[in-house]
Every structure is written in structure tokens, then in C-alpha cells.
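Enquirer: Structure provided below as C-alpha cells; questions to follow.
The values are calculated or read from the model by the stated rules, or taken from the named source; none is laboratory data. The model shown is predicted, which means the values in this text are computed figures rather than measured ones. Reconstructed Cβ throughout: ideal geometry from the backbone, glycine too, with neighbour counts over all protein chains shown.
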């Protein structure tokens, strides 16, 4: 293949982008400070230009993967000629350098979107917002160019690449990182708005109205990204779990918790002018958590299922970046946060109180997750030994903290701003309470086993759903519900659906690791799973052993499942491909373990009731977010 | 109630809530952490008694034996060896001669009964705790 100079162009575009980002980060900021209009108008074109440059750079890297340019080290390490095209594209962010390039590409993309969609915002504000984004981009571009250049050449070029980790050769991986990063990086916009407002001292309802759609959009992506990751782990890792409290999962979950708190706090700031300081602080923390997440994943300091071989120098750079961002923004916060602006006063019984309580619990929850995630690091750095904090810790702490949140979720929307009548609240909600109690008693009885935690799960989820339905009916009688209202209800019901899924799976799942030979059967959840045979199979870049299993109920075969054990040509490591018969009320999950003697295999057979509701709930939440963003009052009006 | 009293009440309430949360968290942390112990330290009797812990090290080549669903293998830091048994299906990346981390307890015969064998995403990756165990053993200069 002809060597091209394209990778050099991609590299050069990155260097130019660094220069532009410095300009974008410094000049409009000074311009806004000194009131020099000719300086602050630079912000928009700079943001547009840096997005264009990153598009070139990212496009070149993608192209190099597409044409198998193994003279680029990163391509040679993460792809090979036999890899199907869609995974070659996914491989662009399959490693450290490429995923950081994606990070910056998305960051400039958000900056571009802000530049395009904020024509009505005053020039000083927009200059400051884009400057802050420019500064963040500068830090990350320095990082990429200094320690992790994706365009580094390999002389002489490799004949073929080393290939992508087989685990990552999956449609889930093609979408999971971009979604997650869109969310992570998206919080940079809320962060930039917060910093800009601190700088200008203009911390008002208009600021909240501007921040809200951006925050919600980032939150939608983050929600989808986490859900995709969880779903991917469920079917691809062959363990059948959907959440492991793994440090890297936690790293994505903490910004989500803080982001969720921020969404709600911004509502109060916009509608009532309250919680201003709190909203600003949450915006700072949310983005700091995103950076921390990047640090945890990319530094390799934590033992995690995501721990790929990494370079410690990179960790130190991100750590420095993290401390600069967190330190300087908190310093600015301490200096400039309005001292007296409490906003509208409110009673103990008011919507503000409910939102505040929910916020506090969400932040405490994020704090407890942070503690459990960083505790092993802390203990290790104090030389007190090496430890690990397991899922029992997180379940023991996180679940109790979430109970009041779920309870309040159904109450808050009924309450009035400023003050509300407790008796009226009780009158409106007793119906939902009855439904919840009945569900909590009946469903566990129908399913067989009763436990208090199970009953509590159904109590809370039906409490939320019933309250949501009652309120929607009430709203329909009065007026056409706004998109905001629909969004809120969908989001809350999404949480309830998620809780139902979690409760069902954790209470009633059946997991069997068994020895099975041809014609052996095993029963799970009223289904009979029979092994028919185990045959060899051939894939595009792997050899496989394929098991054939029949799933039947009441003597009738419903589905044939074919889990595989794959050996990829380019890798010594075998890969388990689970086969799943998915359904609305249950999944049947079969995966091959290891071969035993006499054609028998160790086989994993799972029955997972309502497991798809977990991700369905996340989809509903994201859909709710979408409705909220599309609300009329955020409709973009052009400045004429 | 005067506003000043009301505020005091709020503060006391918040402090009580915080204290309860702290107790819950510390309690949960205490009973749910697993210590990493190197094979040499296990042999030296430094492993926690009656509590689950983790061992990091290499899976000794040739030590893997299957007995239906139960697998037996040896985890070593190249100085001392610990026999491990595990009932269930091993992760894909578990291999003789490679690093591994196991969690479980010692039984009366000094055999480690694992409840969990940790899997990693990347075949070229060595768990830091396994590497730590090897380094530790080498530093002490013990002979096998």
C-alpha cells in the first residue's frame, strides 16, 4: 500500500488546534474583562475553527483505520486487516490515544454547538463560556500531543496489525464510548456556563435557563452511555450481571448522580431564583467528576475490569489537569459566589424543600460511591496494605440512601413552589399510596418469595408510577401538558421501571453453573434448557465452538440458543459469546464455560426475570430528557 | 419558634443525619473490604482468620486440574505456593502462567477456597496486586 502523508496532516491539524484553543481560551476572556469588543468576537470563529481542525484530525485517524494504514503505530496496535469494517471504525476509540482524541473532538463539537446555537446570548457571556471551553481543550490537547499522539509512525510499517481486543469487537463497543464521552464532555458546557457566570457576577434566572438544556442534553447522553455499557457487560462479558460496582463503572455513575442533582437544582434557580450557589457548585463538581472518571480509567491506578495496560506518566498528567481545573474553579467559587443571594424564601413544606432534600441525598450517594472507589487508593498510598472494596459495601450504603430519593420523587411534583399545604398533599397522594402498598404485598406473593427489600422495591416503584399517572390525569383536565411536564413524568416513571427491573432480577433470578452433555437438561424459572450438541463453527476472523441448546416450556420448544466459545486468530485469549433469549418479562441466558470430559461442558444457565426493564427504564429516562429539552421556552429564536 | 431556634434545629438535624450516614458508611466499609495478601504472607500465617481476603500471583503452569465443576490450581509468587479450589466457571482470561487474583477463605487444611476469580479485559495485562506479590517476594530474596 502507498504510504500517505495524511497522518502528518492529522497531527498538524492537532497542533494548529492547540494554537487556536489557546487563542480561544485567552483573548476573548481578556476582551470580556476589559470590555474590548474586537477581542471577544474572536470566540465564535475560534470555536468553529478548532472544531473543523479536530474533525480533520479525527477523520484522518478513522480513515487510517479504514484503509489499514499499519504505518501508524496506533492503528497497527488496535486493528488488523481481517477485522470487519464496523469494528475497524470502533477500534478508533478502542485504545488510549484514540479515545482521548475522541474526547477532544467531542469537546470542540460541544463548543461548536454553543457557538452556533447561542445567537441570543449576550456577547460577553458567550465569549467567557467559549473561553473556558478553549482552556479545557488546551489542557487536553497538550496532554495528547505531549504523551499520547495517535499519529505516531511505525518504521518500518507493520505487515498486519495486532488486532483489537476481541472483547471490544462488538456493536456495543462501537456506540458505548462515544455516548458516554458525549455525556462526560457535555458537562463541560454546564461547567463553562457556571465559571462564566462567576466571572461576570451575573448569576440569574437567565443563566439557569441557558444552562438547563445543555445540562439535560449531556445528561441524556450519559444516561444512554451508562445503560449501553451495562447492557454490553451483561451480554458480552459472559457473566450475566448488569452492574458490578467496578471503579470504572462508578467513575461514570458519579457524574450522573451529580448531573441529576444539577438538573433539579437548575429548575429552582430558573423558576424561583434560588439555589444559585448550589447550582454553580454542582456544575463544577459534575465536570470535575467527569475529569476524575477520565483519570481513573486512563491512569490504571485502580484494579478494575477495565484496567488495560497503561502508562503511569499519563495518569500524572491527568491528575495535574484535574487539580488545576478543580482547584482554580473552586477558588473562583470561594471568591465570587454571591454571598447574600439566597433567592426566593420558601417554607419547610414546599417544592423547594423536596428538591433540596433529593439533591442532598443524591450528592451524599455520589460521595459514598466516591469514598468506596478511592478508599483502596487512599489505604495503599498510606502504606496500610492493599485492599479492595466490594459490591456489598456499595449495596449496603447506596441502596438505603436511594430509598428517600425514590420516596420524594413521587411527592415533589405535587408540591407548590414556596409553600404547600400538607393536608392537600396527603389528599392527592393517598390513592398512589394504596396502589403502592397493594403492589408491595401482591407481587412478591405472586412471584413466590417474600422479602422486605423486595416489597420495598415494589412499594417505591408503584408509588412513583401511580403518582405520575394520577398527576398526568389531573394535568390533562386543566390544560395541555407542556413538554417539560411530559419529560419529568417520563423520567420519573423511567426510574420506577428501572427499580422494578432491579428488584425482580435481584430477588427472583436463578443462576446455574452446571455440567451438561448432549441431551442433558436443566430447569430454570419454569423453562427447560436442553443441550442438543456442540459443533465447530467458523467466523470471519475467529474459529468457534458452538453449543446448540433448546429452550422449551410446557413441552414446546420456544427458542434455539447457540452460545459460542471463540478463538480469535490474532489473540491467544478465548472469548465467550453468551446466547440470550430476551423477552419482556424474562431473559434466558446460556453461555459455554469450559469443556469437560465425554463431550460435556461446564455451562452457565441463567433465568433473569424483567432484566430488560433495567435498560428500558434508562431509555425512558433519556426520552424524558429529550422531551424536557424540546420544551417551547428553550426554542431557539434567531436574533433579528 | 424564633427563626434563630429554627435554624439551630436545622443544623442539629443535619448533623445527626450526617453522623448516622458516617456510621453506616464506616460500618459498611469495615465489614466489606478484602485485604490483599501475598502467597508468602499466607504461608507465614499473616492472612486474616475467618474473613475473606484476596491473593494475587501467578497461576503455576501445570497445576490446573478439573474435577467436574470444581477446579484446582496453585497460585504462586514464585517463592511460596497456595493451593486453590474454585467451584464454577473460570473467566476467559484465566490461564496457567498468567497473573490472577482470587478472593475467598482458607479452610482447615490450608487450602484456599475461592468464591471469586477475577477476570481482566486485556490479555497483556497483569493485575497490579499479582505483580506486587511477585516484586515483594523477589525483594525479600527468599529461595523457593
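Enquirer: Look at residue B:131 and say whether it is closer than 23 Å to residue A:571 by Cβ, at pLDDT below 80 and either part of a helix (DSSP H, G or I) or away from chain A (no Cβ under 13 Å) (or both). Before the answer, list the steps.
Expert: On the way: closer than 23 Å to residue A:571 by Cβ: yes; at pLDDT below 80: yes; either part of a helix (DSSP H, G or I) or away from chain A (no Cβ under 13 Å) (or both): yes.
Criteria met by residue B:131.
Enquirer: I'm trying to understand the selection: among the residues of the stretch A:34-58, which are without any contact (Cβ under 8 Å) to a residue 12 or more places away in the chain and in a helix (DSSP H, G or I)?
Expert: Of everything in the stretch A:34-58, those that are without any contact (Cβ under 8 Å) to a residue 12 or more places away in the chain and in a helix (DSSP H, G or I) turn out to be A:34, A:38, A:45, A:52.
Enquirer: Would it be correct to say that residue A:378 is more than 14 Å from chain B (Cβ to nearest Cβ) and at pLDDT below 90?
Expert: For residue A:378, the condition - more than 14 Å from chain B (Cβ to nearest Cβ) and at pLDDT below 90 - is not met.
Enquirer: Which residues, taken from the stretch A:381-402, are in contact with a helix residue (DSSP H, G or I) (Cβ under 9 Å, 6 or more places away or on another chain) and more than 9 Å from chain B (Cβ to nearest Cβ)? Spell out the reasoning first.
Expert: Kept after step one, since they are in contact with a helix residue (DSSP H, G or I) (Cβ under 9 Å, 6 or more places away or on another chain), are these residues of the stretch A:381-402: A:384-402.
Correct list: A:384, A:398, A:399, A:402.
Enquirer: Here's something else I'd like to know. Picking from A:4, A:62, which residue would you name as being out of contact with any strand residue (DSSP E or B) (no Cβ under 7 Å at 6 or more places or on another chain), surrounded by fewer than 21 Cβ atoms within 10 Å (Cβ to Cβ) and not in a helix (DSSP H, G or I)?
Expert: A:4
Enquirer: Condition test on residue A:525, is it within 16 Å of residue A:610 (Cβ to Cβ) and away from chain B (no Cβ under 14 Å)? Let's see the steps before the verdict.
Expert: Values: within 16 Å of residue A:610 (Cβ to Cβ): yes; away from chain B (no Cβ under 14 Å): yes.
It is true that residue A:525 is within 16 Å of residue A:610 (Cβ to Cβ) and away from chain B (no Cβ under 14 Å).
Enquirer: Here's a follow-up. For residue A:570, work out the one condition from (1) over 24 Å from residue B:69 (Cα atoms); (2) at pLDDT below 90; (3) not in a loop (DSSP other than H, G, I, E, B) it doesn't fulfil.
Expert: Among (1) over 24 Å from residue B:69 (Cα atoms); (2) at pLDDT below 90; (3) not in a loop (DSSP other than H, G, I, E, B), residue A:570 violates only (3).
Enquirer: Filter the stretch B:111-128 down to residues that are more than 19 Å from residue B:45 (Cβ to Cβ), crowded, with 20+ Cβ neighbours inside 10 Å and modelled with pLDDT of 85 or more, then give me how many there are.
Expert: Matching residues across the stretch B:111-128 total 2.
Enquirer: Follow-up. Taking strands (runs of 3 or more DSSP E) that do not extend beyond the stretch B:15-110, which have at least 3 residues that are over 13 Å from the mean Cα position of the chain (by Cα) and either exposed (fewer than 12 other Cβ atoms within 10 Å of the Cβ) or more than 11 Å from chain A (Cβ to nearest Cβ) (or both)?
Expert: Working: elements: B:33-37, B:53-59, B:65-67, B:70-76, B:81-87, B:99-106.
It comes to B:70-76, B:81-87.
Enquirer: Right, another one. Determine, yes or no, whether residue A:358 is within 12 Å of another protein chain (Cβ to nearest Cβ), within 22 Å of the chain's Cα centre (by Cα) and either assigned to a helix (DSSP H, G or I) or in contact (Cβ under 8 Å) with a residue 60 or more places away in the chain (or both).
Expert: Values: within 12 Å of another protein chain (Cβ to nearest Cβ): no; within 22 Å of the chain's Cα centre (by Cα): yes; either assigned to a helix (DSSP H, G or I) or in contact (Cβ under 8 Å) with a residue 60 or more places away in the chain (or both): yes.
It is false that residue A:358 is within 12 Å of another protein chain (Cβ to nearest Cβ), within 22 Å of the chain's Cα centre (by Cα) and either assigned to a helix (DSSP H, G or I) or in contact (Cβ under 8 Å) with a residue 60 or more places away in the chain (or both).
Enquirer: Looking at the stretch A:65-74, can you tell me whether even one residue there is surrounded by 24 or more Cβ atoms within 10 Å (Cβ to Cβ), assigned to a strand (DSSP E or B) and modelled with pLDDT of 90 or more?
Expert: Yes, the stretch A:65-74 contains at least one residue that is surrounded by 24 or more Cβ atoms within 10 Å (Cβ to Cβ), assigned to a strand (DSSP E or B) and modelled with pLDDT of 90 or more.
Enquirer: Can you find, within the stretch A:161-182, the residue that is nearest to the other protein chains (Cβ to nearest Cβ) among those that are within 15 Å of residue A:541 (Cβ to Cβ) and assigned to a helix (DSSP H, G or I)?
Expert: Only one residue fits best here, namely A:167.
Enquirer: Looking at the stretch A:323-339, I want the residues that are farther than 16 Å from residue A:286 by Cα and have a partner that is at pLDDT below 90 and not in a helix (DSSP H, G or I) with Cβ atoms under 6 Å, at least 6 apart or on another chain. Which pairs are those?
Expert: A:338/A:203
Enquirer: Continuing with the same structure: Given the conditions (1) within 14 Å of another protein chain (Cβ to nearest Cβ); (2) in contact (Cβ under 8 Å) with a residue 40 or more places away in the chain; (3) part of a loop (DSSP other than H, G, I, E, B); (4) within 23 Å of residue A:166 (Cβ to Cβ), report the number of the one that residue A:598 does not fulfil.
Expert: If we test residue A:598 against (1) within 14 Å of another protein chain (Cβ to nearest Cβ); (2) in contact (Cβ under 8 Å) with a residue 40 or more places away in the chain; (3) part of a loop (DSSP other than H, G, I, E, B); (4) within 23 Å of residue A:166 (Cβ to Cβ), just (4) comes out false.
Enquirer: Same structure, new question: Among (1) more than 14 Å from chain B (Cβ to nearest Cβ); (2) surrounded by 15 or more Cβ atoms within 10 Å (Cβ to Cβ); (3) under 15 Å from residue A:352 (Cα atoms), where does residue A:405 come up short?
Expert: (1)
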